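Peer 1: My questions all concern the structure below.
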Amino acid sequence: MTPILACRTAALPNPRQLTPKQQRGFTLLEIILVLAIIATASVMVVPNLGGFEARTFSTQVRQAQSLLNYARRTAVISGQASTVSFNVLPADEMAQADEEEYASLSNIVAQWNGTGVNLRFRDSTDREIEIEEKTEVTFYPEGGSTGGTLLFAQEDQAGVIDIDPFTGRVSSGDPDREL
């Protein structure tokens, strides 16, 4: 029995006698280095995620302004009234609400959906209403429009789009003025 026992002990070398290539596992220095790399990467990524909502909001306001300009051009070029519909309901509720109504209105050339955005409309008489479902802005071939001011708000961000009722011109207003 002694030869077999000797054979087994010879097969398992002493851990102190192993070369670095034969040893397995990570050293404390390697673990600290990996954690430092992860911490550095997270410091660079987290601030970018924080500004995501701000970028999304400003993109929505720019998109609304682009749709208004598109409807204005379409009205002048086609010689027919063009309407932009502004919806603040979630998309699934909007789909259920008025599918037949939108099918019958052929002058709607664009739709803006702003889930999570508070939208108010101020007309030329300074009457302001909060939009709970939808509102529409119509442009006419002669260059006029229903006009007014669209006031967008989301948390601490604000955006304003002015629509001239006589010329139909669309411009960004000052978001710092009283909303």
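Taken together, the values in this text are just the output of simple stated rules run on the coordinates, not laboratory data. From a predicted model like this one, the values you see are computed outputs, not experimental measurements. Don't worry about glycine lacking a Cβ; one is built from the backbone with ideal geometry, like all the others, and counts go over all protein chains shown.
Peer 1: For G168, list long-range residues whose amide hydrogen, built 1.01 Å from N in the peptide plane, is under 5 Å from its own amide hydrogen.
Peer 2: Result for G168 returns S145.
Peer 1: Okay, next question. Put a dot 7 Å past each Cα toward the Cβ at A153 and Y70; how far apart are the dots in nm?
Peer 2: Distance between label points: 2.8 nm.
Peer 1: Taking amide hydrogens as modeled 1.01 Å from N in the peptide plane, which residues meet the under 5 Å criterion relative to I108, leaving out close sequence neighbours?
Peer 2: Counting only residues 5 or more places away or on other chains, the set is T83.
Peer 1: Now for a separate question. Translational D (Stokes-Einstein, µm²/s) of region 112-179 at 4 °C and 1.567 mPa s when Rh comes from the Kirkwood sum over C-alpha pairs? Intermediate results must be reported in sequence, preceding the final value.
Peer 2: On the way: Rh = 12.5 Å.
So the translational diffusion coefficient is about 104 µm²/s.
Peer 1: Could you go through region 148-156 in sequence order and give the Karplus-derived ³J(HN,Hα) for each residue, using 6.51 cos²θ - 1.76 cosθ + 1.60 with θ = phi - 60°, rounded to whole Hz, and x for Gly and Pro?
Peer 2: Rounded to whole hertz, the list is x, 10, 9, 10, 9, 8, 8, 6, 9.
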